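Have a look at the structure that comes next, please.
All of the numbers you see were taken from the coordinates with simple rules; none came from a lab. As the structure is a prediction and not an experimental result, all values here were calculated from the model. Reconstructed Cβ throughout: ideal geometry from the backbone, glycine too, with neighbour counts over all protein chains shown.
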Amino acid sequence: MPETPAEHTDRSAVRSLLRLWPYVRPIRLRLFSAAFVAVLASCLGLVIPLVLKWMVDGPVAGRDPGGVWLGALYLLLLGLAEAGLFGLRRWLVARPLAGVEASMRADLYRHMQRLPVAFHDRWPSGQLLSRGTTDLTLLRMFLAFPLTFLFVNATTILVGFVILFDQAWSLGLVLLAPAVPLVILCSLFETKYSVAARGAQDQVGDLTTVVEESVLGIRIVKGFGRHRSQALAFHALSRRLRGTELVKARLLAGIWALITTLPELAIGAALVLGTVQVADGALSAGTLVAFLSTALALRWPVESIGFLLAMSQESATATERYFEVMDVAQERDADGDGRARVSDEPGMVFEGVEFRYPDADPASAPVLARVDLRVRPGETMALVGATGSGKTTLTALVPRLHEVTAGRITLDGEDIAGMARPRLRELVSVAFEEPTLFSATVGENVLMGAEGAGEEELRRALSVAQADFVHDLPHGLDTQVGEQGLSLSGGQRQRLALARAVVGRPRFLVLDDPLSALDVHTETRVEAALRQVLARTTAVVVAHRPSTVMLADRVALLSGGRISAVGTHQELLRTSAEYAWLMSGATEAGAGQGSSAAEDATAEEGSTR
Ligand SMILES: Nc1ncnc2c1ncn2[C@@H]1O[C@H](COP(=O)(O)OP(=O)(O)O)[C@@H](O)[C@H]1O
Ligand SMILES: [Mg+2]
């Protein structure tokens, strides 16, 4: 199962939580006033025992019903004021904290969009999902509750003990006795709980990954009857999570038991001692009543500390997990205007391009060792190579989805590494083997390819891609395509992706086998239309079939990590045995209706990724 990729350092919970400050800063006034209000409300509760003492020693001892009624009125007012203040606290923090959560989530999303593709190759999506959802919700709850109440309850306990000592210092000492063992136990608990909390949160991430994969891959799961194995994987993970949650629950139960029992015993002891003192006349009955009710009023602040600490620990873990993603460096980007020419050579030029995947074994040979290729302006270059030879990798380097390890790629003499990304995106359009569509309308999916393209451009792009089928969809261009466009056929998706690539009339076009899922007739029509577009652009088209190769002016053969031959289709057929071999299988397929060889090639390729 996927482990969390980032190794997490052993930070203290407080250090982790302090990293939230930039987000909390804007609402600090609200948060502080809410804490102040809560302290006030909580201390108001401590006045109640004092009123009781006044009632017992005064009106009750003096048999004065009027005084008792007055005392009762005071108690009622105190209770109401306490409740009102706690309500005010909630009102003060609710909205700003929802804002903090939203802005942290927005930052995470923005950051994830800017992380290099290599990061997303490495991180399971469920880990990212769970950090953006459960972890952030935990953080909001932490800011709303434990953060304030750890402070409020500590203050209340402090004030309470001052009152207790003021009433009867000897009894106060009895109550204070369990404090030392409790503090030690709490810190032990903290350490253990933090390990369990981290485990549980990571396991939620793994579980999310499995759920997501089986939802997105539901066709494969059903098609291959993999329900059972998927369910087993899910059960194994959820059992593991359940185990971790039980560990957490046991730890919490243990500390809770101690935190409730020890003070309870102390209160019992104080009660016995106090009663003896009252019998001896050393203490007034009212004082004992006040002392005991203060002690009882402190029970909740003391007991709550266990789970407040637990929640804080979980939040510290959530903060760590959040910043593990946020700390990953974003894609480098040139801040220059991108006008820096490094050569006068027009067109698309690959010079000594070397590339190795970041997570590849350092001892292995790079995917691309030394690629030298010149595509003249307006020329269409077909890129041919065996499965796994690095064609897709090479095409991904042009829009800088990955950065070259060595060498450079220039567009009309400008090094793409020095170009600001928006400008690069404007110059280059891409269509990948796997046509990805988003849950949006057909029109929106295509227009994603160009900012500000209009109706006219959209229609032209659709006709180039022979995607006129969209007009027959229930709502035409406004038809919503399902998640990942799975409601459309593979060929339909491919044509929409192609339309998206050409809609912005890019100067450079990179197409990774864009016609593989089309039947021969549609392919011929797309090619006829595409020819006109290609006439005006500088393009690299990855091709498997001779029919696609025919679109190109020249062909480059990628083999052994470099371009081993360049020439026209006919030339290469004559001079390169590998090229002839690659094309021979495909020729039969292209001629026959079954076209199984080409499809096998694509299917196989899909599985290598
Ligand atoms: N994200 C990745 N991480 C590591 N290796 C990869 C990644 N993507 C592809 N590869 C490897 O790079 C090689 C070239 O793959 P690819 O460019 O997809 O080949 P092609 O498109 O020519 O079939 C393959 O050996 C593949 O295993
Ligand atoms: Mg490929």
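Relative to the longest principal Cα axis of the chain, at what angle does helix 28-55 sit, 0 to 90 degrees, rounded to 10?
Tilt of helix 28-55: around 20 degrees.
If you build the convex hull over the alpha carbons only and average its shadow over all orientations, what do you get for the chain? Give it in nm² to one decimal.
Working: hull surface 146.6 nm².
Across all orientations, the chain yields a mean hull projection of 36.7 nm².
Among M348, M550, which comes first, second and so on when ranked by fewest other beta-carbon atoms within 10 Å?
Numbers: M348 27, M550 14.
Ranked by crowding around the Cβ, least crowded first: M550, M348.
Something else now. So, in nm, how far is label A420 from label A83 when the simple model puts each one 7 Å beyond its Cα toward the Cβ?
Placing both labels 7 Å along Cα→Cβ, they lie 6.0 nm apart.
Check L283: other-chain or 5+ apart residues with amide H under 5 Å from its amide H, H built from backbone geometry?
Residues meeting the criterion, in which the H sits 1.01 Å from N, are V278.
Provide the three semi-axes, in whole Å and in decreasing order, of the ellipsoid equivalent to the range 5-326 as defined by the square roots of 5 times the Cα gyration tensor eigenvalues. It would help to have the intermediate numbers written out before the result.
Details: eigenvalues 488, 99, 57 Å².
Three semi-axes, in Å: 49, 22, 17.
Using the alpha-carbon centroid of each, what span in Å lies between the range 184-229 and the range 241-258?
18
With runs of 4+ DSSP H residues as the only contributors, calculate the mean residue ellipticity of the chain at 222 nm using -39,500 (n - 2.57) per run, divided by the residue total and rounded to the nearest 500.
Details: 24 runs with 377 residues, N = 609.
Taken over the chain, the calculation gives -20500 deg cm²/dmol.
Ok, one more. Can you run phi through the Karplus equation (6.51, -1.76, 1.60; θ = phi - 60°) for the range 134-151 and list ³J(HN,Hα) in whole Hz, with x for Gly and Pro?
After applying 6.51 cos²θ - 1.76 cosθ + 1.60, I find 4, 4, 5, 5, 4, 5, 4, 5, 5, 5, 6, 10, x, 4, 5, 7, 4, 6 Hz.
Per the Kirkwood definition applied to all pairs of different Cα atoms, how many angstroms is the hydrodynamic radius of the range 414-475?
Numbers: mean 1/r = 0.0738 Å⁻¹.
Averaging 1/r across every pair of different Cα atoms and inverting gives 13.6 Å.
Calculate, axis by axis, the spread of Cα positions in the range 429-548 along the three principal axes, and write the results as whole Å, longest axis first.
Cα extents, longest axis first: 35, 30, 20 Å.
OK, next. Which residues' amide hydrogens lie under 5 Å from the amide hydrogen of Y357, considering only partners 5 or more residues apart or on another chain, with H built in the peptide plane?
Residues meeting the amide H criterion: V367.
Among DSSP bridges having both ends in the chain, what percentage is antiparallel? Round to the nearest 5.
50
Considering only C-alpha atoms, what is the centroid distance from the range 167-183 to the range 519-590, in Å?
86
Taking amide H atoms as placed 1.01 Å from N in the peptide plane, list the residues 5 or more away in sequence, or in a different chain, whose amide H sits under 5 Å from that of G407.
Result for G407 returns E354.
Then there is this: Which residues in the range 430-460 have a backbone N closer than 11 Å to a point placed 7 Å from the Cα of Q480 along the Cα-to-Cβ line?
Residues passing the 11 Å test: 439-441.
Taking the Cα-to-Cβ direction at A535 and at A231 and moving 7 Å from each Cα, how far apart do the two end points lie in nm?
Distance between the two pseudo-spin positions: 6.0 nm.
Now a separate question. Can you grab the distance from the C-alpha centre of the range 416-474 to the C-alpha centre of the range 11-63, Å, no decimals?
After rounding, the separation between the Cα centres reads 58 Å.
Using the basic label-point model (7 angstrom from Cα toward the beta carbon), what is the S12 to A279 distance in nanometres?
My value for the distance between the label points is 4.9 nm.
Excluding same-chain residues fewer than 8 positions from K192, which lysines have a Cα within less than 23 Å of its Cα?
Excluding near neighbours in sequence, the set is K248.
How far, in degrees from 0 to 90, does helix 65-114 lean away from the longest principal axis of the Cα atoms of the chain, to the nearest 10?
In the chain, helix 65-114 runs at an angle near 20 degrees to the longest axis.
Between helix 227-280 and the chain, what is the angle of the helix's C-alpha long axis to the longest principal axis, kept within 0 to 90° and rounded to the nearest 10?
The two axes meet at around 20 degrees.
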